[in-house]
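Report on the structure given below.
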Amino acid sequence: MKILDYIYMSVAAMVCVSCVVPFDLKLEDDPVIFLESFPGTEDKVVFRIHPAYSYSNSAETPEFIPEISFLVNDREVPVVLNAGNCMGEDYPAECYVADYRPVPGDRMSVEVTAPGFKGVSAQTTVPEAFPERRIDYRKVVIGDRNYNVVYVTFEDDRRDGLAYGLQIHEETTCFFSDGESATYAYPYAGWQIYDDYDFAPHSLEGMRLYFDGWQMGGGSSLAGWDSRSFSGSTRTLSTSVQAVGTGEISAHDSFYEHYIEGDRYSEDGEEIIGTYTGVVHNKLVLYTMTDEFYKYAVAQELVQDNSNVIAGIAPSNFCYSNVRNGYGAFAGVYKVETEWITPEFIEENR
């Protein structure tokens, strides 16, 4: 019987092979415009605008000479190319910068045209700040590890089409044996976000976006929630930071202050040139995101996490864009942050 099964399988395979029709995946797609901008209240409005071509397109590609029309509350705002960093290191080279610092409630629209490309357009608004909140602190010991837990309690005010984000930044101040000192600040990566009602937040790590000089994704662990999950009620979010290091940990009544010490190395890392001591502090960064920002961030996260697509064993995820006739996103976001959490800060904000 097994012999007959093998014969049937062989015949079926031959039939399938004989029915295969070869086809060419090369598509002569028209080039499109990619636009990305996330206006907030922290800085001027910056646009990344580039041409995008099909990977398989062998047609001659036109020179990209864009014309940009940027409106804020129906008033035109000039946009200038930062060619060769002519506007300074604060802005990415070859981006476009509008000399305007947004305020909450601004209505914005942008249109980009270029010869040989379909014109693109997009709209967004700048959201209001994160709702009024109360911040509490508690120190927790789990096994041999010490954690600082920060609680953020707020009442959702039912603003439609928004999402919330929560991130931790870390600041390390080092004092070197030669009398010099230096301060380093960066997003904290090794943390967890929790909430009292078991909403599963999106990590939003696929963004790899620098917003106001801070990286929002790519390992920096920004957590986001759709505000529809909160339904206008009071919610408490909490996040924990592990207090670890080579130095002593000072236990105050509500949190651990984390000290570090070690050897200082030369710039090439080959030679010990001294020692250092230091102290580590954290602060919270709270985001209010427009719906289009949240959808774009979630899409980027899903694309990054869907590694099975590469192996061909899972369908690809969607790629969200609110740019008509193009790709990318034009989406408002508002950021507020606490002071660096120190004993003095906690005492002043009890």
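Here is how the numbers come out for the structure above:
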| read-out | value |
| --- | --- |
| Filter on LYS139/LYS295; LYS295/LYS335; LYS44/LYS118 - keep pairs with C-alpha separation over 24 Å | LYS139/LYS295; LYS44/LYS118 |
| Förster radius 30 Å - calculated FRET efficiency between ARG324 and TYR186 (Cβ-Cβ, nearest 0.05) | 0.25 |
| Phi to ³J(HN,Hα) by Karplus 6.51 cos²θ - 1.76 cosθ + 1.60 over the range 69-77, Hz, x for Gly, Pro | 10, 10, 10, 10, 6, 6, 10, 6, 10 |
| Backbone HN-Hα couplings from phi across the range 31-43 [Karplus 6.51/-1.76/1.60, Hz, Gly and Pro as x] | x, 10, 9, 9, 9, 9, 7, 10, x, x, 8, 7, 7 |
| In Å², nearest 10: area of SER54 left accessible to a 1.4 Å probe | 30 |
| Karplus-derived 3J(HN,Hα), 6.51/-1.76/1.60, for each residue of the range 319-325, Hz, glycine and proline x | 10, 6, 8, 10, 8, 5, 6 |
| ASP144-ILE273 FRET efficiency (beta carbon distance; Förster radius 35 Å; 0.05 resolution) | 0.60 |
| LYS139, LYS118, LYS335, ranked by accessible area, largest first (probe 1.4 Å) | LYS118, LYS139, LYS335 |
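The values are calculated or read from the model by the stated rules, or taken from the named source; none is laboratory data. The structure displayed is predicted, hence computed values, not measured ones. All Cβ positions, even for glycine, are placed from backbone atoms using ideal geometry, and neighbour counts span all protein chains on display. Ligands, DNA and RNA are stripped out before the accessible areas are found, and what is left, the full protein with its side chains, is counted by its heavy atoms. Shrake-Rupley method; radii C 1.70, N 1.55, O 1.52, S 1.80 Å.
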